[in-house]
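Report on the following structure.
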Amino acid sequence: MRKLLILLVFVSIFAQEATHEVKKGDTLWDIAGFYYQNPFLWPYIWRANLAKIEDPHWIYPEQVFVIPPSPEEGIAAIPEEVPEYLPPEVPPKKPETEVISVVTPDMRIFSEEIIHRAGLILDEDLPYWGKIVGTEPHGEQLITTYKKIYVDRAHDIEAGDMLTIYRPGKTLSHPKTGERLGKEIIILGKAEVEDVGNEGSRCKVIASYDIIKEGDLVTPYEPVVAPEHVELIATEEEVEGYVVEVKSEERLTPPHVFVYIDHGEVTGTAVGDVFDVYQVRNVGGKEMPDFNIGKIQVINVFRNASVGMLLHVREEQPIKRGEKIRLALEAR
């Protein structure tokens with residue numbers, strides 16, 4: 001009933017054409033989240049404003065966008081597989097009596113969709129499974145949510161199967177030592193198999209985290225196991241490290257900015273751990289207290305590195321590769 005009421009309200013809002021003036025910090029992702037209650041529908045706003053948006057990664061304050069009356073297939077027809085913007089927060093579990101200092105994290109960052117979108121850091125590229133070889137209609141250059149794609153896989157696949165769409169990224173190296181940390185796998189979206197032919201399959205894109213293109217790769221989707229609850233304890237360990245990469249500078253990810261750090265399974269890093277990002281201050285030749293410029297919470301751990309989400313940052317000092325980090329809170 002609640003979902004029906006929301007849909008009726010938005011149908012009423014869009015009875016007249018709406019416009020949106022871009023504010024500082026806006027992205028197509030969160031504009032769609034506001035107007036459609038579903039940020040995965042950002043392509044509909046982009047398509048309606050192609051003359052104003054040269055690259056969907058970049059929009060600018062004071063631009064005025066037309067907000068389409070409803071997505072092409074109708075708001076009421078949004079498939080259940082497309083996730084809503086943020087799941088409700090998980091109520092914090094009462095801490096054990098011996099725990100002195102507990103901080104409850106925002107459990108929304110541990111949703112399956114956000115962890116999936118954050119990507120992978122593997123020792124090597126994923127083994128080839130399939131790729132996008134065409135679109136329906138033919139010749140689509142920029143593929144987004146609800147578009148039809150063809151993949152070159154027909155055996156061991158059937159209608160209803162879910163696929164991850166991805167693109168190999170860069171080889172990650174340590175910002176100080178140059179040591180190889182792993183291979184970045186950029187997750188672009190998710191698709192569902194609709195029909196299988198003799199030599200290939202037709203699929204429907206049900207979530208696009210970025211622009212998808214012909215030639216991008218696919219692999220079977222593996223459900224993400226998101227933690228049900230995390231307690232954070234002020235650490236007594238002295239664990240130092242570095243930011244390896246800020247992943248989201250030119251991607252459709254804000255307000256979720258993903259960061260790679262140089263701690264992983266081999267150093268005992270756990271999902272939920274929080275690192276302070278800091279800079280050493282020296283004034284007049286005198287050593288001053290370190291200056292914290294942000295926090296990173298780990299959302300996925302790999303062998304030699306982890307993916308975290310930037311929780312907050314000082315606007316005048318954006319976090320960059322090579323910034324120092326220090327473990328502040330341990331997940332239990």
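The values are calculated or read from the model by the stated rules, or taken from the named source; none is laboratory data. In this text, all values refer to a predicted model and were calculated from it rather than measured experimentally. Please note: Cβ atoms are built from the backbone with ideal geometry, for glycine as well, and neighbour counts cover all protein chains shown.
Checked against the criterion of being more than 21 Å from the chain's Cα centre (by Cα), surrounded by 18 or more Cβ atoms within 10 Å (Cβ to Cβ) and either under 16 Å from PRO137 (Cα atoms) or not aliphatic (A, V, I, L, M) (or both), region 187-196 contains not a single residue that satisfies it. Scanning region 257-268 for any residue that is touching a His at 6+ places or on another chain (Cβ under 6 Å) and closer than 26 Å to ASP161 by Cβ turns up nothing. Using the structure shown, decide if VAL266 is over 19 Å from the mean Cα position of the chain (by Cα), β-branched (Val, Ile, Thr) and more than 27 Å from ILE187 (Cα to Cα). Considered against the rule, which asks whether it is over 19 Å from the mean Cα position of the chain (by Cα), β-branched (Val, Ile, Thr) and more than 27 Å from ILE187 (Cα to Cα), VAL266 comes out as no.
Listed here are the residues, each with its yes/no results for (1) at pLDDT below 95; (2) of a type outside the set (Gly, Ala, Ser).
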position: LEU172; (1), (2): no, yes
position: GLY178; (1), (2): no, no
position: GLY182; (1), (2): no, no
position: GLY197; (1), (2): no, no
position: ALA207; (1), (2): yes, no
position: GLU214; (1), (2): no, yes
position: PRO223; (1), (2): yes, yes
position: GLU231; (1), (2): yes, yes
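Test LYS170 against the stated conditions and say whether it is in a loop (DSSP other than H, G, I, E, B), basic (Lys, Arg) and not assigned by TED's automatic domain parsing to the domain that holds GLY241. It is false that LYS170 is in a loop (DSSP other than H, G, I, E, B), basic (Lys, Arg) and not assigned by TED's automatic domain parsing to the domain that holds GLY241. Can you spot a residue in region 106-125 that is over 30 Å from GLU231 (Cβ atoms), in the same structural domain as TYR209 (by TED's automatic domain parsing) and outside any loop (DSSP other than H, G, I, E, B)? No, region 106-125 contains no residue that is over 30 Å from GLU231 (Cβ atoms), in the same structural domain as TYR209 (by TED's automatic domain parsing) and outside any loop (DSSP other than H, G, I, E, B).
Considered as a group, the residues in region 254-271 that are touching an Asp or Glu at 6+ places or on another chain (Cβ under 8 Å) and within 30 Å of ILE31 (Cα to Cα) include one that is modelled with the lowest pLDDT, and that residue is PRO254. Selection of strands (runs of 3 or more DSSP E) fully inside region 278-332 by the criterion of at least 1 residues being closer than 22 Å to ARG180 by Cα and touching a Lys or Arg at 6+ places or on another chain (Cβ under 9 Å) returns 306-313. Evaluate region 262-269: report whether one residue or more is among the polar types (S, T, N, Q) and outside any strand (DSSP E or B). Yes.
Would you mind stating whether ARG202 is assigned to a strand (DSSP E or B), of a type in the set (D, E, K, R) and closer than 26 Å to THR27 by Cα? Spelling it out, it is not the case that ARG202 is assigned to a strand (DSSP E or B), of a type in the set (D, E, K, R) and closer than 26 Å to THR27 by Cα. Is at least one residue of region 144-161 in contact with a helix residue (DSSP H, G or I) (Cβ under 7 Å, 6 or more places away or on another chain), in a loop (DSSP other than H, G, I, E, B), at pLDDT below 95 and not charged (D, E, K, R)? Within region 144-161, one or more residues are in contact with a helix residue (DSSP H, G or I) (Cβ under 7 Å, 6 or more places away or on another chain), in a loop (DSSP other than H, G, I, E, B), at pLDDT below 95 and not charged (D, E, K, R). Within region 214-230, being surrounded by fewer than 15 Cβ atoms within 10 Å (Cβ to Cβ) and touching a strand residue (DSSP E or B) at 6+ places or on another chain (Cβ under 9 Å) holds for GLY215, PRO220, GLU222, PRO223. Checking the structure you have, find out if any residue of region 233-242 is in contact with a strand residue (DSSP E or B) (Cβ under 6 Å, 6 or more places away or on another chain) and closer than 28 Å to ILE59 by Cα. The answer is no; no qualifying residue exists.
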